[in-house]
1. With N set to the number of residues, divide the alpha-carbon radius of gyration of the stretch 52-172 by 2.2 N^0.38 Å and report two decimals.
2. Under a point spin-label approximation (7 Å from Cα along Cα-to-Cβ), what is the Leu29-Ala123 distance to one decimal in nm?
3. Using a cut-off of 13 Å between beta-carbons, work out the net charge of the residues near Ala175 (Lys and Arg +1, Asp and Glu -1, Ala175 not included).
4. Compute, for the chain, the length of the dipole vector about the Cα centre, with Cβ point charges of +1 (Lys, Arg) and -1 (Asp, Glu) only. Units Debye, rounded to 20.
5. Within a Cβ distance under 10 Å of Gly147, other residues only, what is the Lys/Arg minus Asp/Glu net charge?
6. In debye, nearest 20, what is the charge dipole magnitude of the stretch 1-151 about its Cα centre with +1 on Lys and Arg Cβ and -1 on Asp and Glu Cβ, if you could check?
7. Using Cα pairs under 8 angstrom and six or more residues apart, how large is the relative contact order of the stretch 9-250, in percent?
8. Explain nothing, just compute: Karplus ³J(HN,Hα) = 6.51 cos²θ - 1.76 cosθ + 1.60, θ = phi - 60°, for every residue of the stretch 186-192 in order, whole Hz, x for Gly and Pro.
Amino acid sequence: MTSLPAVDIPLLAEVLQRFLAEELRASGLSGYVCGLSGGLDSAVAAALAVRAVGREKLRLLALPGPTSSAESLTHAQEVAKSLGVGLEVLDLGPTSQLLAQTLGCASDRLRFGNLLARLRMVALFDAARAHGLLVLGTANKSEILLGYSTLFGDQAASVHPLGDVWKTHVFALGAYLQIPEVILKKPPTADLWPGQTDAAELGFDYLEADPILYYHHDQGLSEAELGAQGFPSALVSKVLATYRRNRFKWRPTVIARVSTSCINVDRILPRNPKP
């Protein structure tokens, strides 16, 4: 019981592709725009979009900042080439540094990282407006539940095909979709400062955390019950502490309910109503 249940990866890919095709159809827009980071999640999201709507309906942007690794851009270019889609490079270095100086956060690594993550979304939503596109999100379920994301940064996409997919299964999807091997093997990173990795910041690896999150979040097992099932108690405590601490990110905008028709509380309506 200390591993995730098996998933039919080809079926999962098909479901996600149909989701992307239907979201685009319902929106009435002409395609997707995706920020290609050189990491696995954005590569998988882009590959699913190509299969769902065709490469001619996908726009790819690389958005390096002043602290981004050169390797990330190389990997993004490799992914774009494997998908047969052109890659536009928009250097956010000068803009992010100027804004950081204005806000007084240039020397604060965390604040500057958040600024850069949000600036990347500014660029993607501007491209979406300019070309009539939906912004393709890349966050996976593990990241979302652990709060390993930036509010109104990488969370702020039009659609999230991987938002209900564990990182463990994103790796499997990457292999199935034939993402370049170098991407599959590299440590997950947000690439917001030199040497940053998800595991170093979180204090554990996604492959370790996913089964704990599954049996707690999906199946309702308590911390004590997880320990009884054989999960290391120290790891369980650390994962669940992160899970609880960052729950506020799951619902970034909370509306004060003062009526019986509060949006997204009493009135949960389809985003794209039928004509």
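Readers should treat all values here as calculations from the given coordinates under stated rules, not as data from a laboratory. A quick note: this is a predicted structure, and the numbers were derived from the prediction, not measured. Here the Cβ is made from the backbone with ideal geometry for all residues, glycine too, and neighbour counts use every protein chain on show.
1. Normalised Rg, Cα atoms only: 1.11.
2. For the pair Leu29/Ala123, the computed spacing is 1.8 nm.
3. Value of the local net charge: 0.
4. Computed charge dipole of the chain: roughly 820 debye.
5. With Lys, Arg at +1 and Asp, Glu at -1, the net is +3.
6. Computed about the Cα centre, the dipole is about 220 debye.
7. 22 percent
8. 6, x, x, 8, 7, 6, 9
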